[in-house]
1. Under 5 Å between amide H atoms, partner at least 5 residues away or on a different chain: which partners does Leu252 have, H built in plane at 1.01 Å?
2. Distance between Cα centroids, segment 81-106 to segment 244-290: provide it in whole Å.
3. Starting from the Cα of Lys93, draw a straight line to each of the lysines and keep only those under 18 Å, dropping any in the same chain fewer than 8 residues away.
4. Would you calculate the convex hull of the Cα atoms in the chain and tell me its volume per residue in Å³?
5. In square nanometres, what is one fourth of the surface area of the convex hull spanned by the alpha carbons of segment 1-69?
6. Relative contact order for segment 140-239: what percent, with Cα pairs under 8 Å and sequence separation of 6 or more?
7. By its C-alpha gyration tensor, with a ≥ b ≥ c as the square roots of the eigenvalues, how is segment 37-167 shaped: rounded for a/c under 1.5, else prolate for a/b larger than b/c, else oblate?
8. Under 27 Å Cα-Cα from Lys241, which lysines qualify once same-chain neighbours fewer than 8 residues away are excluded?
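Every number in this text was worked out from the coordinates using simple rules, so none of it is lab data. All values reported here derive from a predicted model rather than from experimental measurement. All Cβ positions, even for glycine, are placed from backbone atoms using ideal geometry, and neighbour counts span all protein chains on display.
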Amino acid sequence: MADFDIRPTGGPIGAEIIGLDVSKPVSDTVFSDVESAFYRHSVVVIRDQTLSPAQLAAFSRRFGQPQANVRAEIQKGDVPEITLISNITENGKRIGSHDAGRYWHSDLCYLDKPSKLTLLHALEVPVRDGVAYGDTRFASMAAAYDALSDDLKEWIDGLKAANSYRYMWNKKAHEFGVRPVLSDKELEKYPPDAIHPVVRTHPVTGLKCLYVCEGYTRESVDMTEAESAAVLRQLFEHVVKPDFLYAHNWRLGDLLMWDNCAVQHKATFDYEPPLRRLMQRCTIEGSVPF
Ligand code: OGA
Ligand code: MN
């Protein structure tokens, strides 16, 4: 028995681990407890971590192969698998990504092998009057799939959809103005669309999970444009019903890990400078969705 506590939130998503320090090498037994909690609860926070980028990368590597981000400019200097998410500008230069998580999404679902999990570590949390802002919200894709009507389950069974980084890029550029609008030619340096099943089977738990998201899913490829728009609109509205949701309220030192097949997530932009938010992040390559 390891001497740390795993405390489930009691809802379909979420658990908290207290009393574990992952800055040092973690034994196989301890890692296996963390990994089981992760697959059982989909979103797990390990509290009170102090981690250098190299230490975050070392712990992350226990789960698999870190992914290089497609945007080299948000990398954190010396450790290529670590990127930054922040609202901080220094000397006129944005630190990390300023518009990550604007839409509901699953990380790197635009790749043939999307992220199995994401690890996000809180280096600075925006707090005013004792209240922490900038929650990350999660929606259970297994619960969302379960709750679909039998008719809709049958209708989407076997469908595939295009998940598109390029589509996301210009959607964000137009809506938020943090990144420049790019031409089709300029977008070619980013990955082409990935075609994935609309309902995927979780490779570890075997649960069926909805795998289309507002952020990246451009269209379902097996139907007319109008049919695709209608079914996607219906699914995007469905997945964010309150029953499927969990909000993570950040504390300094939280190391949050989420399962990108089991959940989608979205950032909450309810704070502004001079309040600062700074996160370091690592994503781990998963398998080809089926
Ligand atoms: C991410 C992301 C949301 C947040 O890091 O992948 O979407 O709340 N972050 O920062
Ligand atoms: Mn994300």
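1. none
2. Centre-to-centre distance over Cα atoms comes out at 12 Å.
3. Lys76
4. Numbers: hull volume 39.6 nm³, N = 290.
It is 136 Å³ per residue.
5. On the way: hull surface 20.6 nm².
The directionally averaged projection comes out at 5.2 nm².
6. Numbers: 133 pairs, mean separation 36.6, N = 100.
Reported as a whole number, the value is 37 percent.
7. Since a/c reaches 1.5 and a/b is larger than b/c, the shape of segment 37-167 is classed as prolate.
8. Lys116, Lys153, Lys160, Lys171, Lys172, Lys208, Lys266
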